[in-house]
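Have a look at the structure below before the remarks.
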Amino acid sequence: MLEIKNLTASINEKQILNGLNIRIKPGELHAIMGPNGSGKSTLANVLSGKNGYKTSGELKYKGKDLNDISIDERAQQGIFLAFQYPTEIPGVKTNNFLRTSLNKIRKARGEKEVDALSFLKIIKEKSNELGMDEKMLSRQLNVGFSGGEKKKNEILQMKILNPNLVILDETDSGLDIDALKIVANGVNTSRDKTNSFLVITHYQRLLNFIRPDFVHVLSKGKIIKSGDMKLAEQLEKTGYTGII
């Protein structure tokens, strides 16, 4: 699904990623942990195609060079990024945003667009799975939402768009335990053998609910140690100091 070899990335002449390597196969969930400033969010930004970064190295998605694919095309081809700080968009209702996004992707794939009635059925089903109040869907996108509501809304988008590669950039930050469980359940019910997840987090608590296949420690722009859930448990006990 995703193969990264010797990836470097810099912005404003500051080097952040320094030879990062990772391979994610279909059906796998990988977690990346690391201290502040290690390059976690930079990795997410580079994968999503955010402008401003100078990169080198091999970056392939489904065997294609990701550097040749624009931001819009990445979304159309199944790459999804859940932001650490979801953006508020005044004047745009949540349900209209979600339907437009879904139909843009379907159109790009040559599929028939979803009409209003069919979409209403989809969004009610998915929002109920996440325990979301349907009144949220008629509100402006993320405007006045709590931190937990914004994160649930990101997971709702994920479930509706059904991407192949999901990147969660510290989606667990600022969540209480109930919201954390809902977000984790949204991830778990979306996992199958055809999609892959890259979960970026500081803490073990989210991983307790989603149980990653692999855990990686990122430091100074490169992965310095990889393992399974036991590595995350070790980090929770000892911190990053011993490993770094």
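Taking region 77-96 as the region of interest, how many residues are of a type in the set (V, I, T) and in a strand (DSSP E or B)?
3
What are the pairs with Cβ atoms under 8 angstrom where one residue, in region 51-66, is under 20 Å from I11 (Cβ atoms) and the other, located anywhere, is surrounded by 14 or more Cβ atoms within 10 Å (Cβ to Cβ) and among the basic types (K, R)? Sequence gap at least six, or different chains.
Within 8 Å, the pairs are L66/K60; L66/R74.
Filter region 102-154 down to the residues that are β-branched (V, I, T), over 21 Å from the mean Cα position of the chain (by Cα) and part of a helix (DSSP H, G or I) and list them by number.
I122
Would you please list the contacts, defined by Cβ atoms under 6 Å and residues six or more apart or on different chains, that run from a residue in region 225-244 that is within 7 Å of V215 (Cβ to Cβ) to a residue that is assigned to a helix (DSSP H, G or I)?
A232/L207
Pick from R99, R74: which is in a helix (DSSP H, G or I) and under 29 Å from K54 (Cβ atoms)?
R74
For region 85-100, does any single residue satisfy the condition of being of a type in the set (K, R) and surrounded by fewer than 17 Cβ atoms within 10 Å (Cβ to Cβ)?
yes
Looking at K107, K124, K151, K159, which one is surrounded by fewer than 16 Cβ atoms within 10 Å (Cβ to Cβ) and touching a helix residue (DSSP H, G or I) at 6+ places or on another chain (Cβ under 7 Å)?
It is K124.
From T194, T241, grab the single residue that is surrounded by fewer than 16 Cβ atoms within 10 Å (Cβ to Cβ), modelled with pLDDT of 80 or more, assigned to a loop (DSSP other than H, G, I, E, B) and among the polar types (S, T, N, Q).
T194
If you go through region 214-231 one residue at a time, do you hit one that is assigned to a helix (DSSP H, G or I) and under 20 Å from L47 (Cα atoms)?
no
If a residue must be among the aliphatic types (A, V, I, L, M) and in a loop (DSSP other than H, G, I, E, B), how many such residues does region 29-71 contain?
1
Is it the case, given these coordinates, that Q77 is closer than 21 Å to G148 by Cα, in contact (Cβ under 8 Å) with a residue 40 or more places away in the chain and within 17 Å of the chain's Cα centre (by Cα)?
no
The values are calculated or read from the model by the stated rules, or taken from the named source; none is laboratory data. What you are looking at is a predicted structure, and each value in this text was computed from that prediction instead of being measured. Glycine also receives a Cβ, built like all others from the backbone with ideal geometry; neighbour counts cover every protein chain displayed.
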